[in-house]
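J.: Before we start, here is the structure in question, set down as structure tokens.
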Amino acid sequence: MANDNNKNGKILTCIDASRFSAAVCDYTAWIHRRTQAPVQLLHNLEQGPAVVPSDLSGTIGLGSRETLMQELTDIEAERSRLMLEQGKLMLNAASDRLQQAGVAEPQMKQRHGGLTESLIELEDDIRVLVLGIRGEERGDDDRHLGGHLESILRSLHKPVLVVNNDFQEPKRVMLAYDGSDASGKALDMLANRPLFTGLEVHLVTVGEDPATAQGLQQAATLKLREAGLNITAVTLDGKPSEELVRYQAEHDIDLTLMGAFSHTRLRDLVLGSLTVKMLLRANKPLLLLR
């Protein structure tokens, strides 16, 4: 497991052709301004080569088959070259946007292979990962998450900022706290990182048992106040995803911190995952930790 408390790592920002790329860059610049962490832009080339039938001898002649195979190989090579060039153009555009926002010389990287696998290999150097809620393959499909997002969130043990809307500089932050190990990591991050200095913090616990919820909040509130944060502590009763989204809207919360996938896959399958529900229902970015 990678060190999940790497305060000296990079802000790693995933870039593609989705509609969230501009906002992803803007939130990256905001994190950089508050932490001075270096920025690396990542464009991942995942599409594999076209499938070429291995035996066409029954349908076309041998000479024609060899010609077709060569043409397909040439087409695939040209497609790969164009995808690589398109990725470089996207990285350059993202770099220009970041530099205009005050990020000096962001690094740029292109990788081939699965996105989740690439991020796992890079995890040791990550301080915060920033990416859009959906990539270019899902477009404007607001009913579903991006094809890689859940896998990334379950695989990485670093903070992941999921961008789901245009940039708005965070002034009010909500910590959805349930006492789990993952939400405890979010609490520690909130208390110990310069990213949140000077922001208005709402500590929100949703539970059927008010006494338990208040007990969880007391220690968390003390820790945050000792860190010098301005805290509003609230306990709510109801379904967590519904109450958290409602509170977010009513109090104009700009950013929500919470643990990600704190329960087993089986429990999530039977009861539904709070993480997925929040990702689908919230209209402001979420900073998630496992």
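The values are calculated or read from the model by the stated rules, or taken from the named source; none is laboratory data. The shown structure was predicted, so the numbers you read here are calculated from the model rather than taken from an experiment. No Cβ is skipped: glycine too gets one built from the backbone with ideal geometry, and neighbour counts run over all protein chains shown.
J.: When you scan the stretch 135-151, do you find a residue that is of a type in the set (Ser, Thr, Tyr) and at pLDDT 95 or above, even just one?
T.: Scanning the stretch 135-151, I find no residue that is of a type in the set (Ser, Thr, Tyr) and at pLDDT 95 or above, so the answer is no.
Quick grid of which residues meet (1) more than 20 Å from residue 241 (Cα to Cα); (2) not assigned by TED's automatic domain parsing to the domain that holds residue 115; (3) not basic (Lys, Arg):
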residue	(1), (2), (3)
152	yes, no, yes
155	yes, no, yes
173	no, yes, yes
177	no, yes, yes
181	no, yes, yes
186	no, yes, yes
194	yes, yes, yes
198	yes, yes, yes
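J.: Could you list, in sequence order, the residues of the stretch 63-88 that are under 31 Å from the mean Cα position of the chain (by Cα), loosely packed, with under 12 Cβ neighbours inside 10 Å and either outside the structural domain of residue 111 (by TED's automatic domain parsing) or hydrophobic (A, V, I, L, M, F, W, C) (or both)?
T.: Across the stretch 63-88, the qualifying residue is only 82.
Per-residue answers, yes or no, for (1) in a helix (DSSP H, G or I); (2) touching a residue at least 24 places away in the same chain (Cβ under 8 Å); (3) aromatic (Phe, Trp, Tyr):
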site	(1), (2), (3)
205	no, yes, no
214	yes, no, no
218	yes, no, no
221	yes, no, no
232	no, yes, no
235	no, yes, no
247	yes, yes, yes
252	no, yes, no
256	no, yes, no
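J.: Looking at (1) among the aliphatic types (A, V, I, L, M); (2) closer than 24 Å to residue 166 by Cβ; (3) more than 21 Å from the chain's Cα centre (by Cα), which is the only condition residue 220 fails?
T.: (2)
J.: Additional query: Cβ-Cβ under 9 Å, sequence separation 6+ or interchain: first residue in the stretch 6-26 and in the same structural domain as residue 160 (by TED's automatic domain parsing), partner aromatic (Phe, Trp, Tyr). Which pairs?
T.: Pairs found: 13/27; 22/167; 23/167; 24/167; 25/167; 26/167.
J.: Let me ask you something else. How do the pairs read when you match residues in the stretch 64-89 that are under 18 Å from residue 109 (Cβ atoms) with residues anywhere that are surrounded by 13 or more Cβ atoms within 10 Å (Cβ to Cβ) and among the aliphatic types (A, V, I, L, M), using Cβ under 7 Å and keeping only pairs 6 or more apart or on different chains?
T.: Pairs that qualify, where the first residue is under 18 Å from residue 109 (Cβ atoms) and the partner is surrounded by 13 or more Cβ atoms within 10 Å (Cβ to Cβ) and among the aliphatic types (A, V, I, L, M), are 83/45; 84/45; 87/45.
J.: While we're here: Find the residue count for the stretch 171-203, including only residues that are part of a helix (DSSP H, G or I) and of a type in the set (Phe, Trp, Tyr).
T.: 1
J.: A further question follows. Select from the stretch 111-131 the residues that are assigned to a strand (DSSP E or B) and at pLDDT 95 or above and write down the one among them that is surrounded by the fewest Cβ atoms within 10 Å (Cβ to Cβ).
T.: Checking each candidate, the answer is 127.
J.: Next question. Being outside any helix (DSSP H, G or I) and either modelled with pLDDT of 95 or more or loosely packed, with under 14 Cβ neighbours inside 10 Å (or both) narrows it down to one of 93, 104, so name that one.
T.: 104
Yes or no, residue by residue, for (1) surrounded by fewer than 20 Cβ atoms within 10 Å (Cβ to Cβ); (2) modelled with pLDDT of 90 or more:
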site	(1), (2)
199	yes, yes
203	no, yes
214	yes, no
220	no, yes
226	yes, yes
240	yes, no
243	yes, yes
248	no, yes
255	no, yes
